[in-house]
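To keep things clear, I will list the structure first and then write my remarks on it.
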Amino acid sequence: MDAIIEGLPLFIDGFLRTLSLLGVAGVGALIIGIFIAAMRISPVASLRLIATAYTELVRNTPLTLVLFGCAFVLPYLGVRLDYFTLAAIGLTVYTSPFVAEALRSGVNGVSVGQAEAARSIGLTFGQTLGFVVMPQAIRMVIPPLINVFIALTKNTSVAGGFFVLELFAQSRRVINDRGDEVLAILLAVAAFYLIITVPLGLIAGAIEKRVAVLR
C-alpha cells in the first residue's frame, strides 16, 4: 500500500487524463460515426463508397499506427498541436467506424415501413433519417455503443506510448520509482480502469433490459 499511496497523485492525474481522452474522443467518434453511418445508407452511391472505404481502411488499421501517424506525421506536415490533442484525434478517428457500424446495424433493425411511411408524407432522406429512423436506431444500439466506449477506455492506454501521461503511462513512472511493488501498482491501475468500465457495463445492461421491455 505504501507504493500505491506514494503514487496516488500520479494515478489520479493519469486517471483524469484518461477520462478526458475518453470524453473528447467519445464525443468526436459519435459525431463522426453518425455522419459515416448516414453516408453508408445514403441513396448517393459515391457517398456510400467513400463511407465504406473509410470504415474498412480505419477499422483494419492498428491503433498504434493511427496514433503514430497523428503524433509524428501530422506535426511533420505542419500541424502544431500538443500530444494530448493529437492522441484524442487518433482515438476519435480509430473509434468512429466502430460507432458507425453499430449505428448502421440499428438503422437496419428499424422496419422498412417506417422509412416508407416517412417518404409517403413528403419527408426527404435527411428528414426521414434524422426524425424517424435514427432516433429509433440509437435507442436500440445504446448497449453496443457503450461497449465501443468501454473498448475506447482501454485503448487510451496506447496513448501513453506517444507522450500522453494517461493512467497507464503514469503507472510506469510509479513502477520506475517502486519496482519492488509492480504487482500492487498494476492492480491499482486495473482498479482505476474498472471504476470507468464497470459502471458503463452496468448501464449497458440496464438499458438493454429496458429496450427489450419497450419492444
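Observations, loosely collected:
- Across the range 48-139, Cα pairs under 8 Å and at least six residues apart give a relative contact order of 27 percent.
- Fraction of accessible area attributable to carbon and sulfur, the range 135-215 (%, probe 1.4 Å): 67 percent
- Over the C-alpha trace of the chain, radius of gyration and Dmax come out as 20.4, 70 angstrom.
- For the chain, the relative contact order comes to 31 percent (Cα pairs under 8 Å, sequence separation of at least 6).
- Couplings for the range 80-92, taken from phi via the Karplus curve 6.51 cos²θ - 1.76 cosθ + 1.60 with θ = phi - 60°, read 9, 9, 6, 5, 4, 5, 5, 5, 4, 5, x, 5, 5 Hz in order; Gly and Pro are left as x.
- J(HN,Hα) series, the range 199-209, from Karplus relation 6.51 cos²θ - 1.76 cosθ + 1.60, nearest Hz, glycine and proline x: x, 4, x, 5, 4, 4, x, 5, 5, 4, 5
- Looking at the range 1-105, the accessible area is 51 square angstrom per residue; that uses a 1.4 Å probe and ignores ligands, DNA and RNA.
- Net +/- balance of residues flanking Ile146 in space, Cβ distance below 14 Å, scoring K and R +1, D and E -1: +3
- Computed [θ] at 222 nm, deg cm²/dmol, the chain (DSSP H ≥ 4; -39,500 (n - 2.57); rounded to nearest 500): -26000 deg cm²/dmol
- Sorted peptide list for 5-17, 25-37, 156-168, 43-55, criterion being average Cβ within 10 angstrom, highest first: 156-168, 25-37, 5-17, 43-55
- Relative contact order of the range 93-180, pairs being alpha-carbon contacts under 8 Å that are 6 or more residues apart, as %: 28 percent
- Carbon and sulfur %, accessible surface of the range 1-103 computed with the full protein complex present, 1.4 Å: 74 percent
- Between the C-alpha center of the range 65-127 and that of the range 1-57 there is a gap of 9 Å.
The values are calculated or read from the model by the stated rules, or taken from the named source; none is laboratory data. Since this is a predicted model, take the numbers as computed values, not measurements. Glycine also receives a Cβ, built like all others from the backbone with ideal geometry; neighbour counts cover every protein chain displayed. In case anyone asks, the SASA skips ligands and DNA or RNA and just uses the protein heavy atoms, side chains included. Shrake-Rupley method; radii C 1.70, N 1.55, O 1.52, S 1.80 Å.
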